[in-house]
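*Asks:* Handing you a structure now.
The values are calculated or read from the model by the stated rules, or taken from the named source; none is laboratory data. Only a predicted model underlies this, so the values are computations on that prediction, with no experimental measurement involved. Cβ placement follows ideal geometry from the backbone for every residue including glycine, while neighbour counts extend to all protein chains displayed.
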Amino acid sequence: MKFETVIGLEVHAQLSTRSKMFCGCSTDYANSPPNTHVCPVCLGMPGVLPKANHKAIEYTIMTALALNCRIPDRTKFDRKNYSYPDLMKGYQISQYDAPIGVGGWMDVEGKRIGIERVHLEEDVAKLIHKGSCTLVDVNRSGIPLMEVVTRPDISTPEEAREFVGRLRIILQYLGVASGNMEEGSLRCDANISIRANGQGFPKVEVKNMNSLSGIYRALEYEERRQREAVEKGEKLVQETRGFSEEGVTFSQRSKEYASDYRYFPEPDIPPLALDRKWVEELRSCLPELPDSKKERLVKEVGLSPYQADLISSQKPLCDYFEICLTENKVKPGEVANWLLGEFSHQINQAGTDPKDCQVRPHMLCELIDLVASGKISGTSGQKVLGEMFQSGRGAEEIVQERGVYQITDEECVRAVACEVISQNQKAVQDFRKGKTQVLTFLVGQVMKKTQGRANPGLTANTLTELLK
Ligand SMILES: [Zn+2]
């Protein structure tokens, strides 16, 4: 049978506002004890009145604009009714038929994925299951939650993963969300169905995909499950499925329809007029987005497309890179190599962010300059950088203390080379028999005797000359 896969995504992002969506509680609850960031509004007490967060609406408009959406003149909030213990009021304030952004798109690897809508709602409380008992933490309830809904234009699990990855970078560039999937501030649900020989089958909603690799694995599993079911003549049903870390999806419940939620306009928040002037002001203030950043890094800064792609897709690293460029003494390509190599390795090992690490951009540039000018070798440079990360001291200081200046003095290198030749007569004979690859071994011996400080090019030349 000829199969096609049809995928649509719903991505939820907690917005980085200081206060919650409809009350003044602080959103900075990550390290707080349960139920300490709460008030009568987010606890859903009777008689309280919600007030919409201006910044959250602004962030949603910015995201919608970055995703090429149209911003209607008017928007409104609606009540989505369902009963579940994570919902304090018995309903969630969301947006039903008048979202903030509509009809946009995002290009992913040359393919245009339609954006159906971008809307704003409130996050729900967190349920913690302990044995037979369930605990409710209301701190998360009322956090502004933006939802981006794609059109069913995605045709493979790879494209779905790529889309969410790109969206996350855009949110980070806009500064509207952290996009941290591990902490649950970015979450993704997917609708997936298949077509076989042109005939469509019921769609399945997959939830709990908590990482980019989880999105890929869940959809790959689901695509295979649905195809096998059709091939065996089994009946597929419209349902909601969860995803477990073991890599399988499992049936949770039959899928809800919009009518199950009995949406109606939120009576406590009047519809909002979205002022054109405001929208245009936000449009003109949008920062440079990843695609144009990448293009500029290639065309104006001179990075290779590969370097530009890696740098521009990591916002904190990209910010660091751009500060380094203000130091005139270093070449952009060299900075990029260091950032993507040993620097990233150190950052990952320390589990820190480039903007918080002890090695400031001017310090890294000083080190790069020491290597580029031949004062120390690249290998020593990597070790020095490791020590800079540990101690926060400058490159010059460490180099002086350790005495790792590269040996570029010809007499000095020649003396060590002579010593190595006299101690390795077997290798010398091999070389004279034409086994030129032993040169690498002899260079290694010189390096060993000089603790890696001899200039490698000079060493190779000197050895060749002496052997001949
Ligand atoms: Zn509150």
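*Asks:* If a residue counts only when it is more than 33 Å from the chain's Cα centre (by Cα) and at pLDDT below 90, which helices (runs of 4 or more DSSP H) contained entirely in region 338-445 have at least 1 such residues?
*Replies:* Working: elements: 344-350, 361-372, 378-391, 395-402, 410-423, 425-432.
Correct list: 395-402, 410-423, 425-432.
*Asks:* Starting from region 22-36, take each residue that is farther than 19 Å from Ile57 by Cβ and list its partners that are part of a loop (DSSP other than H, G, I, E, B) and modelled with pLDDT under 95, counting only C-beta distances under 8 angstrom and pairs at least six apart or across chains.
*Replies:* As it stands, the answer is Ala30/Glu183; Thr36/Tyr29, since those pairs meet every condition given.
*Asks:* Hey, another quick one. For Met21, are the conditions met, namely being crowded, with 19+ Cβ neighbours inside 10 Å, in a loop (DSSP other than H, G, I, E, B) and within 11 Å of the ligand (Cβ to nearest atom)?
*Replies:* Values: crowded, with 19+ Cβ neighbours inside 10 Å: yes; in a loop (DSSP other than H, G, I, E, B): yes; within 11 Å of the ligand (Cβ to nearest atom): yes.
Taking the combined requirement at face value, the residue satisfies it.
*Asks:* Which one of Glu234, Glu228, Glu222 is in the same structural domain as Ile192 (by TED's automatic domain parsing), in a loop (DSSP other than H, G, I, E, B) and over 24 Å from the mean Cα position of the chain (by Cα)? Can you show your working first?
*Replies:* Details: Glu228 fails: in a loop (DSSP other than H, G, I, E, B); Glu222 fails: in a loop (DSSP other than H, G, I, E, B).
Exactly one residue qualifies, and that residue is Glu234.
*Asks:* For region 55-62, indicate whether the set of residues that are part of a helix (DSSP H, G or I) and either at pLDDT below 95 or within 16 Å of the ligand (Cβ to nearest atom) (or both) is non-empty.
*Replies:* Step one: of region 55-62, the residues part of a helix (DSSP H, G or I) are 55-62.
Filter once more, so that each one left must be either at pLDDT below 95 or within 16 Å of the ligand (Cβ to nearest atom) (or both): 55-56.
Scanning region 55-62 turns up at least one residue that is part of a helix (DSSP H, G or I) and either at pLDDT below 95 or within 16 Å of the ligand (Cβ to nearest atom) (or both).
*Asks:* Quick check on region 127-164: of everything there that is within 16 Å of the ligand (Cβ to nearest atom) and in contact with a Ser or Thr (Cβ under 8 Å, 6 or more places away or on another chain), which residue is nearest to Ile57 (Cα to Cα)?
*Replies:* Looking only at region 127-164, we keep the residues that are within 16 Å of the ligand (Cβ to nearest atom), and these are 136-145.
Next, only the ones that are in contact with a Ser or Thr (Cβ under 8 Å, 6 or more places away or on another chain) stay: 139, 143-144.
Working: Asn139: 21, Ile143: 13, Pro144: 9 Å.
Applying the filter and picking the extreme gives Pro144.
*Asks:* Condition first: within 16 Å of the ligand (Cβ to nearest atom) and either surrounded by fewer than 13 Cβ atoms within 10 Å (Cβ to Cβ) or under 27 Å from His129 (Cβ atoms) (or both). Can you find one or more residues in region 101-110 that meet it?
*Replies:* Residues of region 101-110 that are within 16 Å of the ligand (Cβ to nearest atom), as a first pass: none.
Within region 101-110 (the criterion being within 16 Å of the ligand (Cβ to nearest atom) and either surrounded by fewer than 13 Cβ atoms within 10 Å (Cβ to Cβ) or under 27 Å from His129 (Cβ atoms) (or both)), the answer is no, since none of the residues qualifies.
*Asks:* Looking at Asp73, Asp28, which is the one that is within 22 Å of the chain's Cα centre (by Cα), among the charged types (D, E, K, R) and either assigned by TED's automatic domain parsing to the domain that holds Tyr257 or within 16 Å of the ligand (Cβ to nearest atom) (or both)? Lay out the reasoning, then the answer.
*Replies:* Values: Asp73 fails: within 22 Å of the chain's Cα centre (by Cα).
Answer to the check: Asp28.
*Asks:* Shifting gears a bit: Taking only region 116-160 into account, find how many residues are assigned to a loop (DSSP other than H, G, I, E, B) and either in contact (Cβ under 8 Å) with a residue 12 or more places away in the chain or on the phi > 0 side of the Ramachandran plot (or both). So that I can check it myself, show each step before the final result.
*Replies:* In the first step, residues of region 116-160 are kept if they are assigned to a loop (DSSP other than H, G, I, E, B); the result is 123-125, 131-132, 141-143, 151-153, 155-156.
Restricting the remaining residues to those that are either in contact (Cβ under 8 Å) with a residue 12 or more places away in the chain or on the phi > 0 side of the Ramachandran plot (or both) gives 123-125, 131, 141-143, 151-153, 155-156.
Of the residues in region 116-160, 12 are assigned to a loop (DSSP other than H, G, I, E, B) and either in contact (Cβ under 8 Å) with a residue 12 or more places away in the chain or on the phi > 0 side of the Ramachandran plot (or both).
*Asks:* Quick one: would you say Leu9 is touching an Asp or Glu at 6+ places or on another chain (Cβ under 8 Å), at pLDDT 95 or above and away from the ligand (no atom under 11 Å from the Cβ)? First the steps, then the outcome.
*Replies:* Numbers: touching an Asp or Glu at 6+ places or on another chain (Cβ under 8 Å): yes; at pLDDT 95 or above: yes; away from the ligand (no atom under 11 Å from the Cβ): yes.
Against the criterion (touching an Asp or Glu at 6+ places or on another chain (Cβ under 8 Å), at pLDDT 95 or above and away from the ligand (no atom under 11 Å from the Cβ)), Leu9 qualifies.
*Asks:* State which residue is farthest from Pro290 (Cα to Cα) when the search covers only region 161-211 and only residues that are hydroxyl-bearing (Ser, Thr, Tyr) and touching a residue at least 40 places away in the same chain (Cβ under 8 Å). If you could, list the steps in order and put the result at the bottom.
*Replies:* From region 161-211, those hydroxyl-bearing (Ser, Thr, Tyr) are 173, 178, 185, 193, 211; that's our starting set.
So of that shortlist, the ones also touching a residue at least 40 places away in the same chain (Cβ under 8 Å) come out as 173, 178, 185, 193.
Numbers: Tyr173: 7, Ser178: 15, Ser185: 21, Ser193: 31 Å.
The selected residue is Ser193.
*Asks:* Give the residues of region 237-251 that are acidic (Asp, Glu) and assigned to a strand (DSSP E or B), sorted by residue number. Working first, answer last.
*Replies:* Of region 237-251, the ones acidic (Asp, Glu) are 239, 245-246.
Result: Glu239, single match.
*Asks:* For region 105-115, how many residues are part of a strand (DSSP E or B) and either in contact with a strand residue (DSSP E or B) (Cβ under 8 Å, 6 or more places away or on another chain) or at positive phi (or both)? Write out each step before concluding.
*Replies:* If we filter region 105-115 for residues that are part of a strand (DSSP E or B), which is where we start, we get 105-108, 111-115.
If we keep only those that are either in contact with a strand residue (DSSP E or B) (Cβ under 8 Å, 6 or more places away or on another chain) or at positive phi (or both) as well, we get 105-107, 112-115.
Of the residues in that region, 7 qualify.
*Asks:* Answer yes or no as to whether Ala13 is part of a strand (DSSP E or B), within 25 Å of Arg151 (Cα to Cα), touching a residue at least 40 places away in the same chain (Cβ under 8 Å) and assigned by TED's automatic domain parsing to the domain that holds Arg117.
*Replies:* Working: part of a strand (DSSP E or B): yes; within 25 Å of Arg151 (Cα to Cα): yes; touching a residue at least 40 places away in the same chain (Cβ under 8 Å): yes; assigned by TED's automatic domain parsing to the domain that holds Arg117: yes.
Against the criterion (part of a strand (DSSP E or B), within 25 Å of Arg151 (Cα to Cα), touching a residue at least 40 places away in the same chain (Cβ under 8 Å) and assigned by TED's automatic domain parsing to the domain that holds Arg117), Ala13 qualifies.
*Asks:* May I ask you to list the residues in region 182-202 that are in a loop (DSSP other than H, G, I, E, B) and surrounded by fewer than 20 Cβ atoms within 10 Å (Cβ to Cβ)? Steps first, answer last, please.
*Replies:* From region 182-202, those in a loop (DSSP other than H, G, I, E, B) are 182-185, 197-198, 201-202; that's our starting set.
Within region 182-202, Glu182, Glu183, Gly184, Asn197, Gly198, Phe201, Pro202 qualify.
*Asks:* Also, quick follow-up: With respect to the numbered conditions (1) without any contact (Cβ under 8 Å) to a residue 40 or more places away in the chain; (2) farther than 16 Å from Val138 by Cα; (3) within 16 Å of the ligand (Cβ to nearest atom), which one is the sole condition not fulfilled by Leu49?
*Replies:* (1)
*Asks:* When the residues of region 391-434 are filtered to those that are without any contact (Cβ under 8 Å) to a residue 40 or more places away in the chain and of a type in the set (Ser, Thr, Tyr), which remaining residue is surrounded by the fewest Cβ atoms within 10 Å (Cβ to Cβ)?
*Replies:* Among those that are without any contact (Cβ under 8 Å) to a residue 40 or more places away in the chain and of a type in the set (Ser, Thr, Tyr), it is Ser422.
*Asks:* Quick one: what pairs do we get from region 341-370, first residue assigned by TED's automatic domain parsing to the domain that holds Gln314, second basic (Lys, Arg) and not in a helix (DSSP H, G or I), C-beta under 7 Å, 6+ apart or different chains?
*Replies:* Cys365/Lys329; Asp369/Lys329
*Asks:* I'd like to verify a number: residues in region 73-95 that are surrounded by 15 or more Cβ atoms within 10 Å (Cβ to Cβ) and in a loop (DSSP other than H, G, I, E, B), how many? Please lay out each step first, then the result.
*Replies:* Step one: list which residues in region 73-95 are surrounded by 15 or more Cβ atoms within 10 Å (Cβ to Cβ), which gives 75-81, 86-89, 91-95.
Now drop any that are not in a loop (DSSP other than H, G, I, E, B), which leaves 76-77, 86-89, 95.
Number of matching residues: 7.
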